[in-house]
Amino acid sequence: MAVPTLNVSHPSEPKSETLSSLISGDRLRLGVPIAMSERTDAYIAALKRHDAAFETLNRIRQVVVDIGAALQNHPERLRFVQIPNALSIPMQADLTFEGAKWPPVQEIHNALAECHAAISALKTEWANVCNTGEAYGLTPPPTDPWRPQPQRRSIRDRYGV
């Protein structure tokens with residue numbers, strides 16, 4: 001059985017093939033560069049947006065969790081620093097937190113809104129690649145993005161590129 005190759009008319013203008021158009025049983029020639037379709041590109045962009053939105057949310061969440069844990073477990077040791085016109089707390093309070101780093105409510109709200117929008121876009125783009133048979137080799141979206149995710153694979157593996 002002959003292995004199919006990509007025909008190119010000019011080296012600077014390669015023929016664009018989608019992954020699904022090159023797969024036919026065992027006829028996929030490994031190592032051949034495959035230009036992704038617009039749907040696949042849109043899914044990868046949505047996945048990147050999703051990851052960035054949840055990185056922001058997780059950064060904010062960690063600040064709140066750390067301060068919450070200090071307030072719960074060692075309130076006598078906690079003090080905020082660099083807050084204008086704040087009352088004084090004894091220096092024995094050795095767990096310090098820079099007050100300017102506390103996320104404003106608007107930032108928390110906007111991070112949550114971006115996560116909701118990113119999930120919606122990701123589901124839409126995943127459905128698009130699945131409906132056209134182009135999901136092969138792509139990482140599916142997380143089943144529950146609101147829970148902290150386990151360690152992810154490399155960016156190359158994550159985005160299928």
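Looking for whichever is at pLDDT below 85 and farther than 29 Å from S37 by Cβ here; the options are P148, P103. Which one fits?
Only one candidate passes the filter, namely P148.
Could you please find all residues in region 48-62 being loosely packed, with under 15 Cβ neighbours inside 10 Å and over 19 Å from P142 (Cα atoms)?
Within region 48-62, Q62 is the sole residue that qualifies.
Within the group A35, A70, A86, A42, which residue is surrounded by 11 or more Cβ atoms within 10 Å (Cβ to Cβ), modelled with pLDDT of 50 or more and under 24 Å from the mean Cα position of the chain (by Cα)?
From the options A35, A70, A86, A42, the qualifying one is A42.
The values are calculated or read from the model by the stated rules, or taken from the named source; none is laboratory data. Remember, predicted model here, so these are calculated numbers, not experimental data. All Cβ positions, even for glycine, are placed from backbone atoms using ideal geometry, and neighbour counts span all protein chains on display.
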